[in-house]
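Comments concern the structure below.
The values are calculated or read from the model by the stated rules, or taken from the named source; none is laboratory data. Worth saying up front: this structure is predicted, and the values here are computed from it rather than measured. When we count neighbours, we look across all protein chains shown, and the Cβ atoms used for this are built from the backbone with ideal geometry, even at glycine.
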Amino acid sequence: MSESVAQYLLDSRGTHRALDAFVVAACFDRGGTTLAFALGDGAVHLAPLADRTTWVTAEAHNGAILGLAPDASPSGFVSGGDDARFRRITADGSVSDIADFRSTTSEFVAKFAA
């Protein structure tokens, strides 16, 4: 594909954004209505397919995101981060904890480091 054809397709059908960190993962929700980009700075950018110009940013983790997957519900995502949290991100950008392994990790390290 020539560069002019690729540029034409991007200009006429695509959307592009400059993100402030590396993209670690990308996936669609189970309903196929929202695309999520997990970044190395802990943010998740949500792009609804119905309105590609309005993206939502959710500050999901304090540190890098290590994994991203669609939630069991039709919309939303789950993520795991470098901060030892497992979180749910809804399509509107709200974030909630599923599990927090910070204390478990520090207890494990303290127990076996001695």
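Here are the numbers for this structure:
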{"quantity": "Test: residue in region 1-11 that is surrounded by 14 or more Cβ atoms within 10 Å (Cβ to Cβ) and not polar (S, T, N, Q)", "calculated": "no"}
{"quantity": "Test: residue in region 18-32 that is touching a residue at least 40 places away in the same chain (Cβ under 8 Å), assigned to a strand (DSSP E or B) and among the small types (Gly, Ala, Ser)", "calculated": "yes"}
{"quantity": "Search result, residues across region 86-97 that are within 11 Å of GLY42 (Cβ to Cβ) and surrounded by 20 or more Cβ atoms within 10 Å (Cβ to Cβ)", "calculated": "ARG87"}
{"quantity": "Residue check for THR53: surrounded by fewer than 13 Cβ atoms within 10 Å (Cβ to Cβ) and farther than 13 Å from LEU39 by Cβ", "calculated": "yes"}
{"quantity": "Unique match (being in a strand (DSSP E or B), in contact with a Lys or Arg (Cβ under 7 Å, 6 or more places away or on another chain), among the aliphatic types (A, V, I, L, M) and modelled with pLDDT of 95 or more) among VAL78, VAL44", "calculated": "VAL78"}
